[in-house]
Amino acid sequence: MTTDDHSASVWGKDIPISTKHAIEICNFIKGKSLMKSKQMLKEVMGKKIAVPFKIFKRNVGHKPGRMAAGRYPYKASHYILNLLESLEANAQNKGLDVNSLYLTTIIPNKAARPFHFSRHRGRKMKRTNIQIMAEEMKEEKKVQPEKKQKDKKTK
């Protein structure tokens, strides 16, 4: 993926969060503005709104509002919020308008899963890589169609 003059990106490597939670959170905020996404994640961390779980929803209870299965993944929301703040700093450094940024690409992937140490060595750690890209929303100029003028011929 290429970056141009109207976009900013950030990579999170080996973040110690669940990949399943990261996928659900990324689906929740994808396509929204940067400011709205940050506000939504703060409300998730404060247990005001729940993240709807649409893929990994087995044994997940219903939450208030217009959703079926949902959770409040605090730890994953905290790390993704830090990535969004880093993305905002990258955009400011490039000279972009932060208020007009919207999230175009959010890709969570499984990272390397090393074993735990000592007596927990039979378990593997949860790790996730996340790539986030944002672009400036382009203001579309409304172009009015030209009116056809009839040529009046004099006879």
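Summed over region 86-122, residues that are assigned to a loop (DSSP other than H, G, I, E, B) and over 16 Å from residue 4 (Cα atoms) total 8. For region 83-112, the set of residues classified as of a type in the set (D, E, K, R) and either surrounded by 13 or more Cβ atoms within 10 Å (Cβ to Cβ) or touching a residue at least 40 places away in the same chain (Cβ under 8 Å) (or both) consists of 85, 88, 94, 110, listed by residue number.
Restricted to region 18-53, and to residues there that are polar (S, T, N, Q) and within 10 Å of the chain's Cα centre (by Cα), the residue that is surrounded by the most Cβ atoms within 10 Å (Cβ to Cβ) is 37.
Close Cβ contacts (under 8 Å, 6 or more residues apart or on different chains) running from residues in region 23-37 that are within 11 Å of residue 56 (Cβ to Cβ) to residues that are surrounded by fewer than 16 Cβ atoms within 10 Å (Cβ to Cβ) comprise 23/55; 23/56; 24/54; 24/55; 24/56; 27/54; 27/55.
In region 58-82, the residue that is modelled with the highest pLDDT out of those that are surrounded by 14 or more Cβ atoms within 10 Å (Cβ to Cβ) and over 14 Å from residue 21 (Cβ atoms) is 82.
The values are calculated or read from the model by the stated rules, or taken from the named source; none is laboratory data. What you see is a predicted model; the values in this text were computed from it and never measured. Cβ sites come from the backbone with ideal geometry, for glycine too, and all protein chains shown count toward neighbours.
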